[in-house]
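Here is the structure we will look at, set down as structure tokens.
Where a number appears in this text, it was derived from the coordinates with a stated rule and is not lab data. As the structure is a prediction and not an experimental result, all values here were calculated from the model. Positions of Cβ are backbone-derived with ideal geometry, glycine not excepted, and every protein chain shown enters the neighbour counts.
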Amino acid sequence: MARGGINKAVVQTARLAILARGENPSIDAVRIEMGNTGSKTTIHRYLKELDESETRQAITQAPIDDELGELVARLAQRLKEKAQEPIDLALAQFEQQKAALLAQVDALEEAHAQLKQQLDIQAAALTEESAALQTASTSLQAEQTRNAGLSQACSDYELRISDKDEQIRSLEEKHLHARDALEHYRNAIKEQREQEQRRHEGQLQQVQAELRQAQQNALLRQDEITQLHRDNERLLIEQRVTAKELNALQEQVRKDQATQLKLNEQLSRIDSERTLLQERLRVAMQDSQSRQEALLEHQRHNKALESDLIKAQASIDALRLAAVVATAPEAAQPT
């Protein structure tokens, strides 16, 4: 179907302009003359109608020799156009296929770049997670070291409390021995007993003061031990929380590694598709080369047809000359 503004009159005007310049009014030449507008099928149809119209006029007006020459020329032109049509169609189809393949290659290269960018982002995130995991492991080791120190401190305090308890028992034993000695000497010497009793009471008060001081120190040490146990429990809770976070980070690292493997598989698949498209492009280029060779073969065939036409024209000229020579003696005879 013709585009707007393209009709038989426009095609005829372009054809006449080309003929006036002494050129061959082919389909491409007419289309270029009209400003590269109109389909080749429509132009070919109009040219065919114009050729048939001129042929009919030539049959009614021109002599038989001119008619024969004109028919031969028209036949050559039509053969040339018929040979040109499949070549033009093949070239147009090849250009379309080439453009489509190039577009697919560009799209795949763009997708490959996007996947590579995503892979780089995932690798950077994995590096950050690994650094965070390393920091968490360092903190965990520090907490474990601190916990071990606190445990050692608790053991030291327990040893010191044991020593204090031993001292208290020793003082109690001394106190008992002193009371036994006091009872033993009470019956012997009353004055000495009173002196010993006063001295013993003084010692007893001193021992009781030391005992109270030791008990107070023991209570303080017990409070410190209780606080150390609380700190130990808190550190154990923090250690469990840190272990959970470490497990979560390790799980995230495994997920990121799985995602990276999937991205690598997609990248390999895209590389395979790109290789396949490149192979198809190579086959298309080979097909194009074969089509070009066929085009050259058609051109050589057209040249051979033109040569045959020239020979036929020469034969027609010879026949025409022979006809003129044959009719000349008849015209010279008297009627």
Legend entry - Extension gain, A322 back to E173 (0.36 nm per residue minus Cα-Cα distance, nm): 36.9 nm
Inset, instruction - Return the single residue from S307, S170, S137 with maximal mean-square fluctuation; model: Gaussian network over the chain, springs between Cα atoms under 10 Å. - result: S170
Inset, instruction - Scan around G38 for amide H atoms under 5 Å from its own, H built in the peptide plane at 1.01 Å from N, and keep only partners 5 or more places away or cross-chain. - result: R3
Inset, instruction - Whole Å is fine, so just give me how far the alpha carbon centre of region 235-265 lies from that of region 126-162. - result: 21
Inset, instruction - For helix 40-61, report the angle its Cα long axis makes with the longest principal axis of the Cα atoms of the chain; keep it between 0 and 90° and round to the nearest 10°. - result: 0
Inset, instruction - Specify the longest stretch of the chain that does not include any exposed loop site, a site being one of the trypsin sites (Lys or Arg not before Pro) with a non-H, G, I, E, B DSSP assignment and at most 12 other Cβ atoms within 10 Å. - result: 22-335
Inset, instruction - Under a 10 Å cutoff between Cα atoms, tell me which one of L75, L119, L267 has the largest fluctuation in the Gaussian network model of the chain. - result: L75
Inset, instruction - Pull up the cross-link candidates among the lysines for K255, meaning alpha carbon to alpha carbon under 30 Å and not fewer than 8 places away within one chain. - result: K116, K244
Inset, instruction - Using label points projected 7 Å from each Cα along Cα→Cβ, tell me how many nm separate L119 and N247, to one decimal. - result: 3.4
Legend entry - Label assignment, log10 I(q)/I(0) by the Debye sum over Cα atoms at q = 0.06, 0.08, 0.14 Å⁻¹ derived from the structure, set (i) -0.35, -0.60, -1.19; (ii) -0.62, -0.78, -1.19; (iii) -0.28, -0.49, -1.07: (ii)
Legend entry - Selected from L281, L126, L71 as most flexible by GNM, with the chain as the system and alpha-carbon contacts under 10 Å: L71
